[in-house]
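Quick notes on the structure that follows.
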Amino acid sequence: MPPSGAQPMLADRYRLMNVLGEGAYGVVASAHDVRTGEDVAVKRIRSVLDTYPMATRILREIKFNRLLRGHENLVQLRDMLVPANKATFNDTFLVLELMPCDLARVIASTAELTPANVKFLMFQLLRGLRYLHAAGVLHRDLKPSNLLVNGSCVLKICDLGLARAAFRTNDDDVSLWTDYVQTRWYRAPELIMPHATNYTAAIDMWAAGCIFSELFLRRPLFPGRDTNDQVKRIVRITGKPGPDVIAKLRHRSMEALVAQQSAASAPVDFRRLFPAAEPAAVQIIEGLLAFDPDKRLSAEQALLSPYFSEWRDSLGYGKEAPLLEASEFEFERRMASRNPKAMEAIRTELLQEIVFYHPEKREELLGSGSGKGASGPANLKEFGEAMDYSASKGHQTLPPSNFEQVAAEDARKGRMLKGSTLPESELKQLAMATEKRRAGMAADRAAGGGPSSDMKMG
């Protein structure tokens, strides 16, 4: 039933604007934060606690967003809304920074992608991957729809629900992603077969190579219909690997499938495959799409290419990666899906995550008692219904018709990426220059001159 009257306000703070997208698990809408004056994205995830795999996936995503917060090329989780009732809630509302569309929609649109756009987008993707991998985290589901962009050509990685930290060893939820058809197109050879667990950060780098290719081709490079077709398409481009590389797959069915491919298969000429790309870009794509994961470029190696020099010198690598504690993910080890108390334990973990954003609610959410939240059940229901109604009517934003022209000079001035994006040496120089300028202005005021009317504080 469509909502009536003005667009609803959530938690007395977020006013619904437009729906950005809808998936199997929920709706994402833009909203206006009346406290800060900024526009944000509200992600409503439905039926979080209906199934154990879904609940652990969402909890994992929330934890990674908190632990990895602060890097410019990862979408930032700003708030988790307090549930109407801590004992019965089943939907979760996440508030994230707003990015108007994903890269898949841009690629499929008529929006122009200049060589400069492609270079800047890939620099940011690799910059974000360098951060994740330095923290020991594998994304495991990189694809254009999990990369958000805006009209300024800023890119941010999202959806860490299938991510894994290096200390994680079991793969209980493998069925969630091994048979997902679209993801197969970006899956590394060593990850194509179901239940393949012998993989490293190289799987993300293969996906990055597929995305890089797609930015030039405006279509997927390996759109396999099934496992067999996927392998054929890959070998057709990369060439048939030798027996030593095939043995690294460590999966009998996959080894046999690759070995069956034509012995005449040789790598294609990547320069002919990507005629619009400059030689340095082609070299990176070829390095990212190496069949042998041990020879595949890392994010660090790819970023060191002269191809990215202007952006690397201007923006640096961003925030250094944190050291994650295994204790943060103890819930996955101690909660067996057949444990009847598992879901309630996850509910408690979700409440603990909410308390991080609302420390004043600690006693109310984690203490004993029924503890109804501040938002109120009617308010949450009204907002959720409004999101669902807008999605059903197709009220969605469109990709930008064109990206802004990007230049390292703009980034150096902070236009492209907000935050401490300059290398440390330049930040120190900027701070010294700003302090010197302010001291000079203070001296002028002390002398009675005062600052001129067109003077701006640095």
Practice task
For the stretch 53-64, state whether one or more residues are of a type in the set (D, E) and in contact with a strand residue (DSSP E or B) (Cβ under 8 Å, 6 or more places away or on another chain).
Solution key: no
Problem - Flag for K341 being among the basic types (K, R) and not assigned by the TED database to the domain that holds P115 - result: yes
Fill in the blank from the handout: Checked against (1) more than 21 Å from L121 (Cβ to Cβ); (2) among the hydrophobic types (A, V, I, L, M, F, W, C); (3) part of a helix (DSSP H, G or I), V282 satisfies every condition except (1)
Practice task
Among the residues of the stretch 301-328, count how many are in a helix (DSSP H, G or I) and in contact (Cβ under 8 Å) with a residue 12 or more places away in the chain.
Solution key: 14
Practice task
Name the one entry in A104, A29, A87 that is touching a residue at least 12 places away in the same chain (Cβ under 8 Å) and more than 22 Å from the chain's Cα centre (by Cα).
Solution key: A87
Practice task
Please name all residue pairs, on different chains or six or more residues apart, with Cβ atoms under 7 Å, provided the first residue is in the stretch 63-76 and is at negative phi and the second residue is acidic (D, E).
Solution key: K63/E328; K63/E353; R66/E353; L67/E328; V75/E97; Q76/E97
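To keep it simple, each residue is scored yes or no on (1) surrounded by fewer than 21 Cβ atoms within 10 Å (Cβ to Cβ); (2) over 30 Å from S368 (Cβ atoms); (3) of a type in the set (K, R).
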site: D50; (1), (2), (3): yes, no, no
site: P53; (1), (2), (3): yes, no, no
site: L81; (1), (2), (3): no, no, no
site: N90; (1), (2), (3): yes, no, no
site: A111; (1), (2), (3): yes, yes, no
site: L126; (1), (2), (3): no, yes, no
Exercise for the section: Name every residue in the stretch 299-327 that is under 15 Å from F64 (Cβ atoms) and surrounded by fewer than 17 Cβ atoms within 10 Å (Cβ to Cβ), in order of residue number. Expected result: P322, L323, E325, A326, S327
Exercise for the section: Would you confirm whether any residue within the stretch 79-89 is of a type in the set (A, V, I, L, M, F, W, C), modelled with pLDDT under 90, farther than 18 Å from N146 by Cβ and in contact with a strand residue (DSSP E or B) (Cβ under 9 Å, 6 or more places away or on another chain)? Expected result: yes
Completion exercise
Among Y199, Y186, the single one that is at pLDDT 85 or above, aromatic (F, W, Y) and assigned to a loop (DSSP other than H, G, I, E, B) is Y186
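The values are calculated or read from the model by the stated rules, or taken from the named source; none is laboratory data. Model, not experiment: these values are computed from the prediction. Neighbour counts run over all protein chains shown; Cβ positions are idealised from the backbone, glycine included.
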